[in-house]
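Student: Pasting a structure here, questions to come.
The values are calculated or read from the model by the stated rules, or taken from the named source; none is laboratory data. Computed from a prediction, not measured in an experiment: that's the story for all the values here. Here the Cβ is made from the backbone with ideal geometry for all residues, glycine too, and neighbour counts use every protein chain on show.
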Amino acid sequence: MKLITKLTNFSSVDESRVEQAFEDIAKTILYDGYIKVRNEYRVYVKTVEFYFHAEEGSLFNSSDPIVYHRSGWFPGVNLPYFPVLTLHAHVSGFDITFENEQYKYRASALIRAYSIYDVENKTFIRNEKGKIYDDRSTFLYNYLNGFSLDERNEISWIDEESEIAHVIAKPSPRRNVYVYVDGKKTSKRDERPWSFTRVNEIEP
């Protein structure tokens, strides 16, 4: 199933099965496609973290105040909803979003770790010591940058079903996410297991 279909169908998920839905979407992001950057790079996601926040009036009850793109984050500004499969850049990296205006929720998958495939040289980029370059989300701007402001679509998600077994590590809490009480951040870790990591190696 195409990624955009799974993201769109999330609106029909029962809230008790949200984590299972995240895992299903994660397997597609981690194994069944990549982000095409012009004809220069492919971004393969290795770890993805989910964020899910219900706005006022939503049928969902999930509260995730750390979500950047939501009403109330910028005082006095009600942010419009992103179309499904929008790439959202922010201070923590890049999200693949699947918000829904009808059901009033914000949802996104943060690219936490990734690999970059150099299309021209037909190889994965590594540093001089032979290790994978810095794959933290905040460094992804080195590759997702320099796009035309005209109508050319220079970046897109490409569905490509993998024959490799879609194995992921045990879901874990998101990195550096804490519980909020009455809108204020506490020192207690948010333990919701909304982070998913690919087990099988991407690199040949």
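Student: Does S156 meet the test of being touching a residue at least 12 places away in the same chain (Cβ under 8 Å), closer than 15 Å to Y68 by Cβ and within 16 Å of the chain's Cα centre (by Cα)?
Tutor: So S156 does not fit the description; no.
Student: Still on this model: Where the second residue is basic (K, R) and in a strand (DSSP E or B) and the first is closer than 15 Å to I66 by Cβ and lies in the range 30-56, which pairs have Cβ atoms under 7 Å and are six or more apart or on separate chains?
Tutor: Taking only residues 6 or more apart or on different chains, the pairs are E49/R112; H53/R106; E55/R106.
Student: Now for a different question. Yes or no: E101 acidic (D, E), surrounded by fewer than 13 Cβ atoms within 10 Å (Cβ to Cβ), closer than 15 Å to R42 by Cα and modelled with pLDDT of 80 or more? Let's see the steps before the verdict.
Tutor: Details: acidic (D, E): yes; surrounded by fewer than 13 Cβ atoms within 10 Å (Cβ to Cβ): yes; closer than 15 Å to R42 by Cα: no; modelled with pLDDT of 80 or more: yes.
When the stated conditions are applied, E101 does not pass them.
Student: Turning to a different aspect of this structure: Out of V48, V18, V43, V13, report the one residue that is within 16 Å of I158 (Cα to Cα) and aliphatic (A, V, I, L, M).
Tutor: On the way: V48 fails: within 16 Å of I158 (Cα to Cα); V18 fails: within 16 Å of I158 (Cα to Cα); V13 fails: within 16 Å of I158 (Cα to Cα).
V43 is the lone residue from the list that is within 16 Å of I158 (Cα to Cα) and aliphatic (A, V, I, L, M).
Student: Only one of (1) in contact (Cβ under 8 Å) with a residue 12 or more places away in the chain; (2) surrounded by fewer than 16 Cβ atoms within 10 Å (Cβ to Cβ); (3) farther than 23 Å from E191 by Cα; (4) of a type in the set (A, V, I, L, M, F, W, C) fails for F82. Which number is that?
Tutor: Exception for F82: condition (2).
Student: If we keep just the residues of the range 135-170 that are modelled with pLDDT under 85 and basic (K, R), which is farthest from R198 (Cα to Cα)?
Tutor: Restricting to residues being modelled with pLDDT under 85 and basic (K, R), the top hit is R152.
Student: Just give me the residues in the range 145-197 being among the basic types (K, R) and touching a Phe, Trp or Tyr at 6+ places or on another chain (Cβ under 7 Å), in sequence order.
Tutor: Just the residues of the range 145-197 that are among the basic types (K, R), to begin with: 152, 170, 174-175, 184-185, 188-189, 192.
Within the range 145-197, R174, K185, K188, R189 meet the criteria.
Student: Within the range 1-29, count every residue that is among the aromatic types (F, W, Y) and without any contact (Cβ under 8 Å) to a residue 60 or more places away in the chain. Even if it seems obvious, please write down each step before you answer.
Tutor: Filtering the range 1-29 down to residues among the aromatic types (F, W, Y) leaves 10, 22.
So of that shortlist, the ones also without any contact (Cβ under 8 Å) to a residue 60 or more places away in the chain come out as none.
Number of matching residues: 0.
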